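Here's the structure we're looking at; comments come further down.
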Amino acid sequence: HKDLVGLEDLTAAEITHVLDTASAFKDVGTREIKKVPALRGQTMVNFFVEASTRTRVSFELAAHRLSADVINMTASTSSLTKGETLKDTALNLQALHADIIVLRHSSAGASKFLAERLDASVINAGDGAHEHPTQALLDTFTIREKLGRIEGIHVAIIGDILFSRVARSNIHALLKLGARVTLVGPSTLVPHEFEQMGVKVTHDLDSVLPDADVVNLLRIQHERQRKEYFPSLGEYTSLFGLTKQRAERLKPEALIMHPGPINRGVEIDSELADCSRSVILDQVTNGLAVRMAVLYLCAGTNPKRG
Ligand code: CP
C-alpha cells in the first residue's frame with residue numbers, strides 16, 4: 001500500500017509484516033548503525049495540525065534514519081490560517097516534490113481524504129477520534145517483544161475509549177492478531193456498543209486486573225470531550241485509576257502500558273508509571289523502528305512516485 005490511513009483494512013499478515021520489518025530496523029540508529037539509504041532522495045513533510053511530541057519527533061527521526069529529507073510543518077504557521085484548504089495545502093506540498101506526507105489532524109478521515117487525492121504516500125499520525133495506526137503498531141510490537149506473542153494475550157484497555165483513536169487502532173490490531181481485548185471505563189466513555197467489534201466491555205476494573213497480561217491506560221482527552229461524558233478527576237481516579245493498591249491485583253508479569261502523554265496521578269499512579277513493569281518508554285523507543293518500517297513499506301514501494 002502507498003498509504004497507511006488505518007489498521008481496520010489491514011490483514012493480520014500485513015500487520016505482522018510491519019512488525020517483522022520494524023524488528024529488522026530496530027538496530028538502526030544505534031551507535032553501530034547510524035542510517036540506511038532506503039529513502040535517499042525522498043522528502044517527507046511532517047504536517048501536524050494537532051500538537052504532538054512522540055509521534056512527530058519519532059517520524060522525523062525515522063525519516064532521517066532512512067536517509068530521507070524532512071520538513072516539519074505546523075498548522076499555526078501555515079497558510080491554513082489564511083483559509084487555504086487541507087487539500088490545496090497538500091497539493092502544494094506535492095508540487096514541491098513531497099513524496100510522503102505524515103498528517104495529524106483533528107478530523108476523522110482527513111488522512112484518507114488526502115490519500116485518495118495525492119500520488120504521495122499519506123501516513124496517518126492520528127485523525128480525530130478515528131485511528132492512530134502507528135501507535136497501535138508500536139503497542140503490539142512492544143507486547144510481542146516483551147511477551148513473545150500476541151495470540152492469546154489478554155489486553156485490558158482502560159479509560160476514555162469513546163474518544164480514543166489509540167483504542168480503536170489497538171482493537172483492530174489486537175483482534176486481528178488473536179489477542180483478547182477487554183475495554184474498561186465509565187459507561188459514558190465505554191458503551192456496550194463496542195462489543196460489536198468483538199471485545200468485552202466492563203465498568204469494573206478490579207474484576208479485570210487479575211486476568212490481564214497487559215493493561216493499557218489511556219489519557220482522558222479533555223480536548224475531545226463534552227463535560228457530560230466525564231466524571232470528576234477524583235471520581236475517575238478512584239474508580240478507574242491504576243493505583244498502587246489496585247496494581248497488587250495484577251499478575252506479577254503483567255505489562256503496564258500508556259501511549260502518552262501521561263496525566264500522572266489521574267489514570268496512573270506516578271510511581272507505577274516509572275516501575276519495572278512499566279514499558280511506557282519502551283513503547284516510545286519502539287515507535288522509531290515501527291515508523292521506519294511504515295515509511296519504508298509505504299514510500300519505498302510507492303509506484304506513483306517512481
Ligand atoms: N502517543 C502519542 O501520540 O503522543 P503524541 O501526541 O505526543 O504524539
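The values are calculated or read from the model by the stated rules, or taken from the named source; none is laboratory data. All values reported here derive from a predicted model rather than from experimental measurement. Cβ: placed from backbone, ideal geometry, glycine included. Neighbour counts: every protein chain shown.
The one condition from (1) surrounded by fewer than 22 Cβ atoms within 10 Å (Cβ to Cβ); (2) farther than 28 Å from T285 by Cα that L189 does not meet is (1). Candidates are the residues of the range 115-126 that are on the phi < 0 side of the Ramachandran plot and touching a Lys or Arg at 6+ places or on another chain (Cβ under 7 Å); the one that is nearest to the ligand (Cβ to nearest atom) is A125. Got at least one residue in the range 151-172 being in contact with a strand residue (DSSP E or B) (Cβ under 8 Å, 6 or more places away or on another chain), free of Cβ contacts under 8 Å to residues at least 40 places away in the same chain, more than 30 Å from T89 (Cβ to Cβ) and among the hydrophobic types (A, V, I, L, M, F, W, C)? There is at least one residue in the range 151-172 that is in contact with a strand residue (DSSP E or B) (Cβ under 8 Å, 6 or more places away or on another chain), free of Cβ contacts under 8 Å to residues at least 40 places away in the same chain, more than 30 Å from T89 (Cβ to Cβ) and among the hydrophobic types (A, V, I, L, M, F, W, C).
In summary, S52 fulfils each of the numbered conditions (1) under 12 Å from L295 (Cα atoms); (2) assigned to a loop (DSSP other than H, G, I, E, B) with the single exception of condition (1). Taking the criterion of being crowded, with 17+ Cβ neighbours inside 10 Å and either over 24 Å from the mean Cα position of the chain (by Cα) or modelled with pLDDT under 95 (or both), the residues of the range 213-238 that qualify are R219, I220, Q221, F230, Y236, T237. Condition check for D139 on (1) closer than 25 Å to L288 by Cβ; (2) charged (D, E, K, R); (3) in contact with a His (Cβ under 6 Å, 6 or more places away or on another chain): one failure, at (3). Of all the listed residues (G287, G241, G260), the sole one being on the phi > 0 side of the Ramachandran plot and touching a residue at least 24 places away in the same chain (Cβ under 8 Å) is G260.
Residues in the range 34-45 that are touching a Phe, Trp or Tyr at 6+ places or on another chain (Cβ under 8 Å), surrounded by 22 or more Cβ atoms within 10 Å (Cβ to Cβ) and part of a loop (DSSP other than H, G, I, E, B): L39 alone. Does the range 272-279 contain at least one residue that is in contact with a helix residue (DSSP H, G or I) (Cβ under 7 Å, 6 or more places away or on another chain), closer than 26 Å to D27 by Cβ and of a type in the set (S, T, N, Q)? Yes, the range 272-279 has at least one match. Comparison of R104, R165 shows that the only residue that is within 12 Å of the ligand (Cβ to nearest atom), basic (K, R), surrounded by 22 or more Cβ atoms within 10 Å (Cβ to Cβ) and over 23 Å from G300 (Cα atoms) is R165. Scan the range 104-138 for residues that are under 17 Å from the mean Cα position of the chain (by Cα), farther than 18 Å from L10 by Cβ and not in a loop (DSSP other than H, G, I, E, B) and the total you get is 3.
This table checks each residue for (1) β-branched (V, I, T); (2) within 16 Å of the ligand (Cβ to nearest atom); (3) surrounded by 22 or more Cβ atoms within 10 Å (Cβ to Cβ); (4) free of Cβ contacts under 8 Å to residues at least 60 places away in the same chain.
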{"site": "A12", "(1), (2), (3), (4)": "no, no, no, no"}
{"site": "K26", "(1), (2), (3), (4)": "no, no, no, no"}
{"site": "E32", "(1), (2), (3), (4)": "no, no, no, yes"}
{"site": "F47", "(1), (2), (3), (4)": "no, yes, yes, yes"}
{"site": "A62", "(1), (2), (3), (4)": "no, yes, yes, no"}
{"site": "D69", "(1), (2), (3), (4)": "no, no, no, yes"}
{"site": "G83", "(1), (2), (3), (4)": "no, no, no, yes"}
{"site": "L86", "(1), (2), (3), (4)": "no, no, no, yes"}
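Counting only helices (runs of 4 or more DSSP H) that sit completely within the range 239-306, those holding 3 or more residues that are surrounded by 22 or more Cβ atoms within 10 Å (Cβ to Cβ) correspond to 280-299. What do you reckon, is T77 within 16 Å of the ligand (Cβ to nearest atom) and out of contact with any strand residue (DSSP E or B) (no Cβ under 6 Å at 6 or more places or on another chain)? No.
Any residue that is more than 16 Å from the chain's Cα centre (by Cα), farther than 17 Å from L19 by Cβ and at pLDDT 95 or above - is there at least one of those in the range 146-154? Looking through the range 146-154, at least one residue is more than 16 Å from the chain's Cα centre (by Cα), farther than 17 Å from L19 by Cβ and at pLDDT 95 or above. Within the range 88-101, the set of residues being part of a strand (DSSP E or B) and either farther than 14 Å from D69 by Cα or free of Cβ contacts under 8 Å to residues at least 60 places away in the same chain (or both) comprises I101 only.
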